[in-house]
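Below is one structure, written out as structure tokens; comments come after it.
The values are calculated or read from the model by the stated rules, or taken from the named source; none is laboratory data. None of the values given here were measured: they were computed from a predicted structure. Reconstructed Cβ throughout: ideal geometry from the backbone, glycine too, with neighbour counts over all protein chains shown. Note: accessible area is taken over every heavy atom of the protein model, side chains too, but ligands, DNA and RNA are not part of it. Shrake-Rupley method; radii C 1.70, N 1.55, O 1.52, S 1.80 Å.
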Amino acid sequence: MHTSDLRRRVLLLRRWSRLAAQLRGWVRGSEVAVVVLAVLVGGTVGLLAWGMGALAHGLQRLLYDLEPHLRLSAATRLPAWQLLLIPALGGLALAMLNRAIARWRPKAPIDPIEANAMHGGRLSLTDGVVVGAQTVLSNGVGASVGLEAGYTQVGGGIASRLGQAFSLRRGTCGSWSGPAPRRRSAPPSTRR
């Protein structure tokens with residue numbers, strides 16, 4: 001690598017660093033910017049939720065041989081062997097997935113409410129992907145009825161990651177997923 005190439009890369013890196021700092025400052029200082037960021041988070045999470053639902057429904061269609069318009073919960077004429085065998089085998093597949101995940105990532109995922117209460121509102125995006133995959137597999141084999149846990153975990157992970165990237169305050173990020181934490185008020189004074 002030539003000195004001029006290195007110099008150009010350093011200048012480009014400095015320029016990007018300055019732009020990132022300016023953007024971070026604008027987002028932290030502008031309520032409009034926070035709203036725009038929240039809309040981006042909401043749109044991204046909405047698309048991911050749609051994708052997770054489509055994956056789960058696709059798995060149900062494949063395993064239960066459902067018509068495209070039919071949901072598993074509305075299917076009335078399924079053979080007994082499917083109703084017993086597919087959730088059981090899906091449970092085994094989920095157990096194997098969980099064992100593999102435990103080797104790779106031994107810590108259990110942190111729940112969004114726990115993260116807000118005990119971890120400064122920080123959630124791992126990796127935890128969101130793990131819980132999302134577990135939820136899609138579980139729902140896809142008919143072993144669970146909802147995907148909300150996966151939606152919440154993935155959405156919280158994305159919001160948390162963006163909040164950290166823009167150095168947003170905890171209360172600002174908390175307002176994206178629910179009410180911001182209350183401030184503790186001073187104890188009432190005791191007059192005699």
- Hey, Met96 hits all of (1) in contact (Cβ under 8 Å) with a residue 60 or more places away in the chain; (2) part of a helix (DSSP H, G or I); (3) open to solvent by 70 Å² or more (accessible area, probe 1.4 Å); (4) of a type in the set (A, V, I, L, M) but one; which does it fall short on? (1)
- Message: Here is a list: Thr126, Thr76. Which entry is β-branched (Val, Ile, Thr) and more than 30 Å from Ser167 (Cα to Cα)?
- Response: Thr76
- Looking for whichever is more than 20 Å from Tyr151 (Cα to Cα), open to solvent by 90 Å² or more (accessible area, probe 1.4 Å) and not charged (D, E, K, R) here; the options are Leu63, Leu23, Leu84. Which one fits? Leu84
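Test of understanding: among Val145, Val129, Val136, which residue is at pLDDT 90 or above, within 22 Å of Gln82 (Cβ to Cβ) and β-branched (Val, Ile, Thr)? Walk me through how you get there before you give the answer.
Numbers: Val145 fails: at pLDDT 90 or above; Val129 fails: within 22 Å of Gln82 (Cβ to Cβ).
Residue meeting the stated conditions: Val136.
Quick one: which residue in Thr44, Thr76, Thr126 is in contact (Cβ under 8 Å) with a residue 60 or more places away in the chain and either among the polar types (S, T, N, Q) or assigned to a loop (DSSP other than H, G, I, E, B) (or both)?
Values: Thr76 fails: in contact (Cβ under 8 Å) with a residue 60 or more places away in the chain; Thr126 fails: in contact (Cβ under 8 Å) with a residue 60 or more places away in the chain.
Of Thr44, Thr76, Thr126, the one residue that is in contact (Cβ under 8 Å) with a residue 60 or more places away in the chain and either among the polar types (S, T, N, Q) or assigned to a loop (DSSP other than H, G, I, E, B) (or both) is Thr44.
Does Arg24 fit the bill of being basic (Lys, Arg), over 15 Å from Phe166 (Cβ atoms) and out of contact with any helix residue (DSSP H, G or I) (no Cβ under 6 Å at 6 or more places or on another chain)? Outline the logic, then answer.
On the way: basic (Lys, Arg): yes; over 15 Å from Phe166 (Cβ atoms): no; out of contact with any helix residue (DSSP H, G or I) (no Cβ under 6 Å at 6 or more places or on another chain): yes.
No.
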- Query: Conditions: (1) touching a residue at least 60 places away in the same chain (Cβ under 8 Å); (2) open to solvent by 50 Å² or more (accessible area, probe 1.4 Å); (3) over 30 Å from Arg28 (Cβ atoms). Leu137 meets all but one. Number of the miss?
  - Reply: (2)
- Test Ile110 against the criterion of being open to solvent by less than 40 Å² (accessible area, probe 1.4 Å) and at pLDDT below 90, and give yes or no. yes
